[in-house]
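First the structure, in the form of structure tokens, and then the observations on it.
What follows is calculated from the coordinates using simple rules that are stated; it is not laboratory data. Values in this document were obtained by computation on a predicted structure and should not be read as measured data. Note that each Cβ is placed from the backbone with ideal geometry, even for glycine, and that neighbours are counted across all protein chains shown.
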Amino acid sequence: MSRDKRDPDDGRVSGVVDESFNTSEYRALRLLFRDESREALERVAHLLLRAGPDRIDPDALTELLRATHSLKGTAGTVGLRDFADAAHRLEGVLERLRAGALAWTAAVRDSIVEVVDGLRALADAAEDEIEAAELAKNLGRALAAVSAGGQARAPLPDPVDPDSSIPDMDPDGAGGVPSPRHPTDSGVHRSGRRDEPAQLRVDPARIDRLMDSVGELIFDRTRIERRATELRGSLEQLALLRDAMFASAEASADVALRSLVRELSDRVGKLERLAGELLEDTGALRRTGNALQDGLTDIRMQSSRSLFQRLAPQVRALARAAGVPVRLITQGGETEFDKSVADQIVEPLIHLLRNAVAHGIEPPEVRRALGKPPEGQITLSARHEGRSVVIELADDGAGVDPRVVRQRLVASGRWTDSRAKMASDDEILRALFDARVSSREEVDELAGRGIGLDAVRDTVVRLGGEIAVSSTLGIGTSFTMRLPQTTSISNALLFKVAGHVFAIPNVHVVDTARVEVSSPAIPSLLRVRDGAVPLVLLHRLLGAPLPADARSVPAVVIDYASRRLAVTCDKIVGPREIVVKDLGPLLSPLPLYAGGTISGSGKVQLILDPAALVRLAYPETAAPGRTAGRVLVADDSRAVREAMALLLERAGYQVDLADSGLAAWRLLGRAHYDALVTDLEMPEMGGFELIQRVRGDALLSALPVVIISSRATPAARARAASLGVVEVLAKPVEPDRLLAALEPS
Amino acid sequence: MKNVIVFALGQARYAVELRWVREVFTVGHVTPVPHAPDAVAGVVNFRGAVMPLIDLDAVLGRRSGAQAARAGETALLIEVEELTAALRLTSVVEVATLREAPGGDPELLVDSTGRQVPLIQPPELLARARQAAAAAAGQLAIVLSRPETGGER
């Protein structure tokens, strides 16, 4: 056992850990950290706001210290040096407060609140280095102020998301409204507001990110369902085999064989039960996932009023530009629908409004001559019909003359004379949505309708809706859109292979590149910006030839579960927001597809599952038995657990994770482990209690144990030594030292 | 007596009971699905939902190998419990109430011209398609488990 080189409590974070993970791993770990730290910082803010202006409860101060210290260790582990340094300095201030070297005043408290806000902003901005640097600078000033006893008020660091900060900070310091996430954990309420339900204002971007995660969850669920079904299939085969074996073994005189086969038979029976239960569990997962999606969609619901409010100024501007007085009447402002549907539909609506103003509404003098009021009227209404939202946009303008459209269709050679004659007026009007018709200006001018109705229809179709037009000459035109009330939109990169468009979820796309394909042999690795990645010929997988004359083709670089690969294609179409559709029970078992989506022109496009592509690029992970050993990691910070898992898996270990001492204890009873890596402070059961239990267990008593802790005090070290712990490592853990500690001596 | 739709698929005629049929529609763009079983000729957009297009000949084993489906074909939307699929066909012949053919075979009807028409059973048809899909998924899993990168042009 080697002595720790560093003073365990001098937690200044060295640069050692920065090289531990690659960029995307850091990104993932930091996202975990962001969520974790948000919770911890909220608790800290809550404690601060509950403290009075002239004294703080010593227990609260201890709790503050503990939380800060633990955040420091975790931040260091995920490589957030600025955060860890700031937390370290804050810890110093809190230590001084505890020792009485610094007096607790309202100014000090407010400065600490600012520091905590700064830490929160810094955690949120972890992905944006420039912003993070700026925030760290502000934070430095706030820390300097608090060290100076809160005298010089530092400028407030800009929180990334002001809406997410603690609402209603109490200026007189008498107490705070508890954080909305824990509405019942404190009786402190401001008088007069007691009965108001707590409202939470959230940046829609956050909900969108959650929605993306739910989208991923649904992809994952589909995959699990598929594997569970596969498993059951294999087991059915196995059961047949077992029955055959059972029959012949029972007939045999070999007693040992008979008992072996009986045992085997029992085990297979158990597996079958488990597989059945697993399938039931995936059903539960499906229900929960759907409930989560519905809940989030519900949060995203907004009223049509806000949509109308975005459109009103547009109408005024358009009317001014066209020199036509127009009145906009809106109806059904209380109709609610999904914000993402609303966002998508704004442009098409502006387009229709522009057309109505520019081509529909006649000039005032014409209207007077026709006996119409001089001011044109556009009515925009929204209403629910079943699970759809119907948006209607009607003007009282000149209307579309089907005869003119009919003439133009024939004159331009788009339609034959007989087809145009046979067609009803409705069919003729529908032809306006046809790209080849509506994009022709002469048709537009004559027909009194603008360009680009095809684009409007595409958007509506892509959202899974329908659009219809009706018009009466001299009376006006009305467009009716029927849209789904909700939709699950996610971002994807679209590309073409052999004339068909495929999609890959954008979160898994890191880059695009080009592949030389002129030589007969195509290399198995593709050089990209930061190294080389395996190259999968998607053409071959999809049964299509590489384009015969191409010297090079585009490739999409994908990162899935920290594994990178590139796939070939014919053409990158670009990123799009897509509405993900289920492929249904018939095609969902195909492991290559994660779903489908409908293009603007109504074609189905398949979404490829990156998990399937990764399997082509990487051989199956080493079978158990070939690993360096199986290690159990217990830590209540998910970021730390995941970081340790990455480190150890890379070194060849098979890793299991537990979020408490109790969870670790249960796992230890179920499987054989070669080592235990544990944190000390954990809920349910702390590290020392866990180690004591291990030492007291006949089977486990010799298990090598390594402690990772942000509280690696001399006392803790002494106790660890008495329990035969191999090594006590201070967080952030240096990978080499952890691996060295795990080496069998 | 059974209420059925009689349809033509190539030269052959089949009947399917109306209770299974939700709609008759014209197929738009057909997207092929690489590695899908022959029974599935592709997927189509049916009012915003992705619908598999079932090839009856392939399901019944009358023909092996996929046959490209085209836009403009007619299809029946059939629904059996939670499974909905489109059945491609050449044309709808009639909607009629037909009696069973003499001889007691309940799966054989007689149409208005006295011609015998086999009765399709959608539950059985979709169960077969499902089996074919599971087999195709197994095949694909094998393809995917063989690591492959790069290769000959």
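Observations
- Relative to the Cα centre, the charge distribution of chain A, modelled as +1 at Lys and Arg Cβ and -1 at Asp and Glu Cβ, gives a dipole magnitude of about 1060 debye.
- Nearby lysines by direct alpha-carbon distance to A:LYS339 (threshold 29 angstrom, same-chain neighbours under 8 apart not counted): A:LYS581, A:LYS603
- Tilt relative to chain A, helix A:304-322 - C-alpha long axis, 0 to 90 degrees, to 10: 40
- Note: relative contact order over the range B:51-153, using C-alpha pairs below 8 Å and six or more positions apart, is 19 percent.
- Classified by the C-alpha gyration tensor, the range A:308-484 has an oblate form. Its axis ratio a/c, with a ≥ b ≥ c, is 1.5 or above, and a/b does not exceed b/c.
- Close amide-amide hydrogen proximity is noted between A:GLY474 and A:GLY399, each under 5 Å apart and 5 or more residues distant or on a separate chain (H modeled in the peptide plane; Pro and chain starts excluded).
- Evaluated over the range B:11-55, the Cα radius of gyration and Dmax, each in Å: 12.2, 32
- Separation in nanometres of the label points that stand 7 Å from Cα toward Cβ, at A:ARG96 and B:ARG99: 10.4
- The ratio of the alpha-carbon radius of gyration of chain A to the globular-protein estimate 2.2 N^0.38 Å is 1.21.
- Share antiparallel - DSSP beta bridges, chain A, percent rounded to 5: 70
- Whole-Hz Karplus values for the range B:75-91 come out as 9, 9, 8, 10, 9, 10, 6, 8, 9, 10, 8, 9, 10, 7, 8, 7, 6 Hz, taken residue by residue from phi with 6.51 cos²θ - 1.76 cosθ + 1.60 and θ = phi - 60°; glycine and proline positions read x.
- Helical contribution to [θ] at 222 nm, DSSP H n ≥ 4, -39,500 (n - 2.57), averaged over chain A, rounded to 500: -15500 deg cm²/dmol
- Peptide B:33-44 has a mean shielding of 5, counted as Cβ atoms of other protein chains within 10 Å of each residue's Cβ.
- Cα lying deepest toward the dipole's positive end in the range A:489-620, options A:LEU613, A:LEU586, A:HIS500, charges on Cβ: A:HIS500
- Each of B:VAL24, A:SER70, A:ALA60 was placed along the dipole of the protein assembly as shown (beta-carbon charges, centred on the mean Cα), and the one lying farthest toward the positive end is B:VAL24.
- Calculated on the alpha-carbon coordinates, the convex hull of the range A:210-299 measures out at 69 cubic angstrom per residue.
- Reach of A:LYS496 by Cα under 12 Å, taken over aspartates and glutamates that are not fewer than 8 positions away in the same chain: A:ASP570
- Inverse of mean 1/r across different Cα pairs in the range A:33-137, Kirkwood, Å: 13.7
- Sites B:LEU108 and A:ASN506 - FRET efficiency at Förster radius 45 Å, r taken between beta-carbons, to 0.05: 0.25
- Between helix B:122-145 and chain B: long-axis angle, C-alpha atoms, 0 to 90°, nearest 10: 10
- Student exercise, chain B dipole from Lys, Arg, Asp, Glu Cβ charges, in Debye to nearest 20: 240
- Using alpha-carbon coordinates, inclination of helix A:204-251 to the longest axis of chain A, degrees: 70
- The mean sequence separation of alpha-carbon pairs under 8 Å and at least six residues apart, normalised by the residue count of chain A, gives a relative contact order of 10 percent.
- Dipole magnitude for the range A:14-142: computed about the Cα centre from +1 point charges on Lys and Arg Cβ and -1 point charges on Asp and Glu Cβ, it is near 440 debye.
- Quarter of the Cα convex hull surface for the range A:626-742, i.e. its orientation-mean projected area (nm²): 6.4
- Where the Cα pairs of chain B fall when distances are cut into 5 Å bins, in %: 2, 9, 18, 20, 19, 13, 9, 5, 3, 2, 1, 1, 0
- Extension gain for A:SER519 to A:ARG695 (0.36 nm times residue separation, less C-alpha to C-alpha distance): 57.0 nm.
- Dipole of the range A:308-484 [Lys/Arg +1, Asp/Glu -1 at C-beta], most positive-end residue of A:ALA321, A:VAL456, A:ALA356: A:ALA321
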